[in-house]
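Take a look at the structure set out below.
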Amino acid sequence: MSIAQKQEIVRVTQQLLDAISCKDFDVYTKLCDPAMTCFEPEALGNLIEGVEFHRFYFDYGNNNPRKGQLHTTMLNPNVHVMGEEGACIAYVRLTQFMDR
């Protein structure tokens, strides 16, 4: 995988984090596989399938007075190549917000 391809993965991952911070579910669904699976702490060990589980957080956050006052930064991104058509990205997610 070329350096340019790794940079593209970092760029798209930042777009995903920005969509989450801005509560933009349309962009989020365009960037995520509709058949994605994940384990979330609030699901208590149960496998979550698809993006609909996450819609709650986007919808609930629309009334959040802090909306627009969040800033997310991706620190130390490290792209791990997993074959010719796959990769995994690891990073530290720093979220800043004002609570007043």
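Here, each number is a calculation from the coordinates, and none is a lab measurement. Worth saying up front: this structure is predicted, and the values here are computed from it rather than measured. Heads up, the Cβs are rebuilt from the backbone with ideal geometry, glycines too, and the neighbour counts pull from every protein chain shown.
Brief remarks on what is shown
- Counting other Cβ atoms within 10 Å as a rough exposure proxy, the listed residues I20, I9, I3 run I3, I9, I20 from fewest neighbours to most.
- Pairs of C-alpha atoms in segment 1-57 farther apart than 19 Å represent 40 percent of all such pairs.
- Cβ crowding within 10 Å ranks Y60, Y91 as Y60, Y91, fewest other Cβ atoms first.
- With N as its number of residues, the chain has a Cα radius of gyration that, divided by 2.2 N^0.38 Å, comes to 1.18.
- Label-point gap, in nm, between D24 and E42 - each point 7 angstrom along Cα→Cβ: 2.2 nm
- Using C-alpha pairs under 8 Å with a sequence gap of at least 6, the mean separation divided by the residue count of segment 3-97 gives a relative contact order of 25 percent.
- When +1 charges are put on Lys and Arg Cβ atoms and -1 charges on Asp and Glu Cβ atoms, the dipole computed for segment 3-97 relative to its Cα centre reaches about 460 debye.
- Here the gap between Q7 and N76, fully extended at 0.36 nm per residue and compared with their Cα-Cα distance, gives a gain of 23.6 nm.
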